[in-house]
Every structure is written in structure tokens, then in C-alpha cells.
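For reference, the structure discussed in these notes is given below.
The values are calculated or read from the model by the stated rules, or taken from the named source; none is laboratory data. As the structure is a computational prediction, the values presented were derived from the model and not from experiment. Cβ placement follows ideal geometry from the backbone for every residue including glycine, while neighbour counts extend to all protein chains displayed. All accessible areas refer to the heavy atoms of the entire protein, side chains included, with ligands and DNA or RNA removed. Shrake-Rupley method; radii C 1.70, N 1.55, O 1.52, S 1.80 Å.
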Amino acid sequence: MPEEQSQTTMAVDELQAIIQRCQILEESDFRGEDFNLFQVAGQKCLEDGYAAQLLEVIQNEKNKVIIKNMGWNLISPLVRCILAYKQEDDKQEHCLKILDQLVQLCNPKELFLGLLEQIEQTSGEQVCPTVMLLLQPLQTVLLKLQNKKAYSVGLSLAMIMNQLTPLPVPYTKQQIQEDKLGLCRCCNAVVDFAKPFVNEVVKNMEKSSEYNNMELKEELLKFCMKSLKYPLLTAQLEQLEGIEEHPFRHFATEIIDILQDIRELMPLVFLHHKGRRSYWENQEFEDIERKNSADSLACLSYLMFVQHFGINCFPMVFSPSYLLQCNMTHIEVLLNRTEESMLSKGLDLVKVMTLCPIEHLRKKSLNMLQLFIDKFDAEGKYTLFRCLLKTSNHAGVQGYIIQKIKDQIHLSLTKAHDNVWFTGHHLISLLDLVLFLPEGAETDLLQNSDRIMASLNLLRYLVIKDCESDNQTGVWTILAKIEKNFLKPLHVGLNMSKAHYEAEIKNKKENRREANKSNTVCSLTVSEEKMPAMTTEMQLQVLHSALFTFDLIESVLARVEELIEVKVKAVMAENI
């Protein structure tokens with residue numbers, strides 16, 4: 001007999017032997033030894049690649065009682081084998097059928113514990129594949145449970161979220177598209193897992209005085225609060241070009257929908273005004289829960305008032321001042337964080353400084369931003385500046401931040417303020433965001449003039465204050481990159497812009513007589529508001545003003561390049 005056939009016979013024979021022994025026993029007569037022998041024999045069949053034979057044993061009607069009592073012991077080796085086999089492998093298909101049979105036949109309580117144990121024991125790269133594999137079986141088993149269903153659902157959701165939480169949340173467009181660990185897919189699968197239990201709560205909402213239903217609702221609320229803190233608080237939630245359905249935006253929509261369905265969305269939005277009873281006698285645990293709750297509520301506020309998730313459900317009866325008062329608590333929570341993904345969510349209030357039509361409110365918000373900047377230490381300011389440069393699309397705000405960066409560099413270069421965050425490699429990383437043109441030579445120089453002037457002034461300061469021999473700021477290290485990404489494209493852009501505007505001026509002057517005869521005017525729309533009509537003379541003034549701006553930029557650019565040339569020549573002369 002060939003060796004392979006012998007091994008097959010041994011593995012299957014051992015299983016058949018224990019099966020035949022147990023078939024003649026009453027269910028109450030099964031012993032611990034029987035359970036152990038069945039587990040060892042079944043595991044050997046799986047690990048040796050004889051899942052097909054094991055499946056036949058499990059599907060045999062005569063073995064129904066045995067599988068009901070002992071089958072859950074096979075969950076651990078079964079999961080290992082399924083994850084080890086490649087998709088479309090016959091052996092994996094047999095293993096998946098075995099899992100389905102166990103879900104149908106096994107004692108729900110014991111199988112629930114077996115499935116949960118597998119999720120608890122997984123780690124690292126295996127977390128998402130394991131959770132994704134076991135969500136459907138776990139859901140089926142939970143729906144079968146009669147007693148302690150709410151507790152079991154809550155335990156399952158808590159275990160799953162605890163396992164997912166250590167995983168890094170994909171943030172960039174590329175990371176989200178790759179979804180290397182499967183977190184994006186897994187989060188949305190967990191929401192689908194929870195939906196039958198949400199539907200159960202909704203269906204029984206009129207009977208919400210029933211303790212079990214209230215308990216299940218509370219467990220779903222805990223799940224939503226955990227989801228708001230992770231992954232949504234960390235996730236990039238802006239709409240990304242090229243991603244048709246953003247997985248975390250979809251997940252956020254689902255979480256908001258659950259909160260709305262169980263009638264907890266509005267109470268949560270205004271939670272800090274009414275308070276919520278504590279479940280902890282231990283003060284330390286209560287403080288931890290309060291912090292976690294604050295993070296979750298800040299994320300919920302961001303989702304509703306910035307990203308407008310669930311805003312259609314929001315009653316339009318509150319005054320703007322009241323909503324601002326409610327949100328200030330959440331803004332403070334977000335701005336006190338140092339993580340870029342969280343800090344940037346709080347910084348969306350920067351829109352007030354640029355879009356508010358009331359001048360004194362714009363100035364007031366700018367003063368508020370300065371107060372927030374002053375509250376941070378050097379590392380906090382560094383992170384804050386990075387976030388503002390990335391999230392603000394307003395040249396005036398960016399110019400303001402670049403000026404603040406210059407102030408911090410000045411403090412760092414004085415002996416009294418030795419600061420690693422605004423010198424060396426940290427500063428180089430920040431300068432990469434400052435000393436470049438977003439669209440190269442084709443950048444709208446007029447629209448970005450505030451930013452460009454601030455960048456040139458910063459570069460001029462660095463060249464004057466930091467000798468090439470010292471190179472404390474690192475600016476001399478990246479001089480070639482600055483010339484390539486900033487100075488040369490700026491030269492080209494200035495030449496193109498000046499030529500364009502000079503041609504426009506010439507054209508307007510030539511057509512002035514005809515325009516005056518026909519009383520031709522030019523209309524202008526700003527922020528969806530139609531501005532007063534512009535005559536040809538007014539248009540010429542605007543064009544000349546633009547040329548003056550270009551001349552100013554060109555003058556500072558020439559001065560910067562002159563300073564660089566002098567410094568470089570001086571160093572070369574010393575070396576000679």
C-alpha cells in the first residue's frame with residue numbers, strides 16, 4: 001500500500017474509531033476523554049489535508065449528536081487551515097463547508113465561545129482575515145441564542161473592536177486603495193454583522209421598556225461610540241478623487257444611521273449638556289471612559305457639522321451661537337491632540353477666518369487662532385503648522401502660518417531657545433511644504449501672492465541668518481531642491497503672467513474707444529455674490545495692480561537669488 005494511502009487510512013481510521021465508539025453512547029454519557037480524542041483525530045485529518053473525508057463524517061446523519069456536542073472543538077484547527085489554503089483550493093472549499101456544517105449543527109452556546117476565542121487569539125496581519133472569516137458564522141450563532149443575547153452581542157462587538165484597534169488606520173489615498181491589512185473592508189463587514197441586531201432593536205422600539213431590548217440597544221450604542229473613536233477619529237474622511245466609494249466615509253454613514261435608527265443620534269450631539277450616568281465606582285475607570293467619550297463625541301460633531309453626515313436628520317431650530325457653544329467643547333478636544341489626523345479635524349474652524357463675510361468676525365477668529373498657537377509647545381506648534389499648511393487652501397492663511405514659522409525659527413536660532421523642531425531635519429520637512437509652487441510654473445501667482453511673498457521672505461531670512469558653514473536650519477542642504485521646485489518655476493511663472501497681463505492691458509487700451517461707445521461693462525461674481533459691474537477703466541486698474549504685484553514678487557526674488565549667490569561665492573573663495 002502506498003505511503004499516502006496508509007496515512008489517509010490512519011488519520012481517517014482514528015476519527016472513525018472514536019465516532020463508532022460514541023455512536024453507541026447516550027449524549028449524557030460522553031466523557032472528557034471522548035472530546036479530546038475527537039478533537040485530536042479531527043485536527044489530524046485537517047492538518048494532513050483530508051478535509052473531504054472529515055466533511056463526509058460531519059454530514060453523516062448518524063453523527064449528528066456527536067457533532068452537536070463535540071464539533072466546536074474543531075474551530076481552531078479549521079480556522080488555521082482555511083487561512084493557510086489559497087482561494088479556489090478544493091481543500092479550502094471543503095474546510096469552509098465544514099465550518100458551515102458546524103454552525104448549523106453545534107450547540108450555539110459552545111460554538112459562540114469557540115468562535116470568540118479564535119478572534120481573541122488572533123493578532124497582527126491575521127486579525128482582519130480571521131474576523132472577516134468568522135463574522136457570518138458568529139452572526140448566525142448569535143441569532144440562535146435565546147438567553148443573554150444582548151450580553152453576547154456586546155461581548156462579540158467589543159472583542160472585535162479591541163482586536164482591530166491596534167491596527168494602523170490607512171490615511172493616504174494610496175494606503176486606502178491598497179488596504180494592506182484589510183481594515184477598510186473589515187470595518188464595513190462589522191457594520192453588516194451588527195445590522196440584524198439593530199433591526200431587532202428598531203422593531204421592538206415601542207416595547208423598549210423590556211430590559212433585554214434596552215440592554216441590546218446599550219451594547220449597540222457602545223459599539224458606535226468605539227467606532228467613532230477608532231477608526232473614524234483617526235481616518236481621512238475628505239472625499240478623495242479616484243476613489244468612487246470611500247470606505248471610511250461609507251463606514252461613517254453606517255454608524256450615523258445606526259445611531260439614528262436606535263434614536264441616540266440627537267441625544268449624543270448634545271450629550272455634554274445633559275450628562276450621562278456613570279457605570280464605574282472606580283474613579284480611574286470613570287476618567288478613562290470620560291476621555292474616550294469626549295474623543296467619540298468630538299468625532300461625531302466633526303462628522304455632522306463639517307462633513308454633514310446625518311445633517312438631514314438634524315432639527316434646524318438651533319441658533320448659530322448655541323451650536324457654536326456646543327461645538328467649542330469638541331473643538332478644544334481635537335485641538336488638544338498632537339496627532340495630525342485628529343488635529344486637522346479641529347482646524348476646520350479656519351474657514352471662519354477666510355469665508356465669513358463679517359470683517360470683525362474674521363479678525364476675531366484670527367486672534368483666536370493666535371491664542372491657540374500660543375498654547376502649544378514647540379512640537380505642538382510644528383504639528384499645527386504642518387496641518388494648517390496641508391488643510392488650508394487659502395493663500396492668506398498660509399502666508400500667515402509661514403510668518404509664524406519664521407518667528408519660531410528666529411527663536412530657535414537664538415542661544416536662549418535651542419529648539420530641534422524648527423531646525424535641522426524637522427525644519428527641512430516643513431520647508432518642503434513652504435518652498436514650492438503647488439502647480440509649478442502654471443500656479444496662479446496672483447491668487448497665491450500672499451503665500452509666495454511670505455515664502456520668499458522666509459527664504460531671504462534663512463539665507464541671511466544661517467551661514468552655509470553652520471547650516472543649522474538645513475536650508476543649504478536642500479538649496480538645489482528649492483531652486484528646482486520654487487525659484488526656477490517662479491521665474492517662468494512670472495514671465496508668463498507678466499506677458500499675459502501686459503497683453504491684456506494692451507488689448508483693453510486698443511478697444512477702449514469701442515468699449516466707451518457701447519458702454520461695455522464687465523461683471524464679476526465673488527463667493528456666489530454678483531459684484532458691481534466693472535468699466536474698462538476699472539479693469540485696467542485691476543490689471544495694473546496685478547502687474548505691480550508681479551513686480552514686487554520679482555524684486556524680492558531677485559534679492560533672494562543675489563543673497564544666495566553672494567553666500568555661495570564667499571564659501572567657494574574660503575575653500576580656495
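If we scan the range 229-236, do we find a residue that is surrounded by 18 or more Cβ atoms within 10 Å (Cβ to Cβ) and farther than 21 Å from residue 175 by Cβ? No, every residue in the range 229-236 fails to be surrounded by 18 or more Cβ atoms within 10 Å (Cβ to Cβ) and farther than 21 Å from residue 175 by Cβ. Answer yes or no as to whether residue 102 is farther than 18 Å from residue 152 by Cα and surrounded by 15 or more Cβ atoms within 10 Å (Cβ to Cβ). In short, yes.
If the condition is being surrounded by fewer than 20 Cβ atoms within 10 Å (Cβ to Cβ) and outside any helix (DSSP H, G or I), then the range 237-261 contributes 238, 239, 240, 241, 242, 243, 244, 245, 246. Answer yes if at least one residue in the range 147-164 is in contact with a Gly (Cβ under 8 Å, 6 or more places away or on another chain) and either closer than 25 Å to residue 111 by Cα or surrounded by fewer than 21 Cβ atoms within 10 Å (Cβ to Cβ) (or both), and no otherwise. Checked the range 147-164: no residue is in contact with a Gly (Cβ under 8 Å, 6 or more places away or on another chain) and either closer than 25 Å to residue 111 by Cα or surrounded by fewer than 21 Cβ atoms within 10 Å (Cβ to Cβ) (or both).
The single residue among 431, 462, 456 that is under 19 Å from residue 497 (Cβ atoms), hydrophobic (A, V, I, L, M, F, W, C) and in contact with a helix residue (DSSP H, G or I) (Cβ under 9 Å, 6 or more places away or on another chain) turns out to be 456.
Against the numbered list (1) at negative phi; (2) open to solvent by 20 Å² or more (accessible area, probe 1.4 Å), residue 398 comes up short only at (2). If you go through the range 566-576 and pick out every residue that is within 15 Å of residue 465 (Cα to Cα) and charged (D, E, K, R), you end up with 1.
Matching residues to (1) modelled with pLDDT under 85; (2) part of a loop (DSSP other than H, G, I, E, B):
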residue	(1), (2)
268	no, no
272	yes, no
276	yes, yes
286	yes, no
289	yes, no
292	yes, no
295	no, no
299	no, no
318	yes, yes
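If you go through the range 371-391 one residue at a time, do you hit one that is part of a loop (DSSP other than H, G, I, E, B), under 19 Å from residue 482 (Cβ atoms) and open to solvent by 10 Å² or more (accessible area, probe 1.4 Å)?
So far as the range 371-391 goes, no, none of its residues is part of a loop (DSSP other than H, G, I, E, B), under 19 Å from residue 482 (Cβ atoms) and open to solvent by 10 Å² or more (accessible area, probe 1.4 Å).
What number of residues in the range 392-412 are free of Cβ contacts under 8 Å to residues at least 12 places away in the same chain and not in a helix (DSSP H, G or I)? Qualifying residue count, the range 392-412: 1. Of 354, 383, 391, all but one fail to be of a type in the set (Val, Ile, Thr) and modelled with pLDDT of 85 or more; the exception is 383.
Check whether at least one residue in the range 64-74 is in the same structural domain as residue 47 (by the TED database) and surrounded by fewer than 15 Cβ atoms within 10 Å (Cβ to Cβ), and report yes or no. Yes: the range 64-74 contains one or more residues that are in the same structural domain as residue 47 (by the TED database) and surrounded by fewer than 15 Cβ atoms within 10 Å (Cβ to Cβ). Among residues belonging to the range 335-344 that are open to solvent by 10 Å² or more (accessible area, probe 1.4 Å) and in contact (Cβ under 8 Å) with a residue 12 or more places away in the chain, point out the one that is farthest from the chain's Cα centre (by Cα). Looking at the filtered set, the residue picked out is 338. Residues that are in contact with a Pro (Cβ under 8 Å, 6 or more places away or on another chain) and closer than 16 Å to residue 137 by Cβ number at least 1 in the following helices (runs of 4 or more DSSP H) confined to the range 30-107: 75-84, 90-105.
Among the residues of the range 471-481, some residue qualifies, meaning at least one is open to solvent by 70 Å² or more (accessible area, probe 1.4 Å), part of a helix (DSSP H, G or I) and either touching a Cys at 6+ places or on another chain (Cβ under 9 Å) or more than 23 Å from residue 395 (Cα to Cα) (or both). Of all the criteria given as (1) more than 21 Å from residue 555 (Cβ to Cβ); (2) open to solvent by less than 70 Å² (accessible area, probe 1.4 Å); (3) in contact with a helix residue (DSSP H, G or I) (Cβ under 6 Å, 6 or more places away or on another chain), the one not satisfied by residue 441 is (1). Across the range 123-143, the number of residues qualifying as surrounded by fewer than 15 Cβ atoms within 10 Å (Cβ to Cβ) and more than 27 Å from the chain's Cα centre (by Cα) comes to 1.
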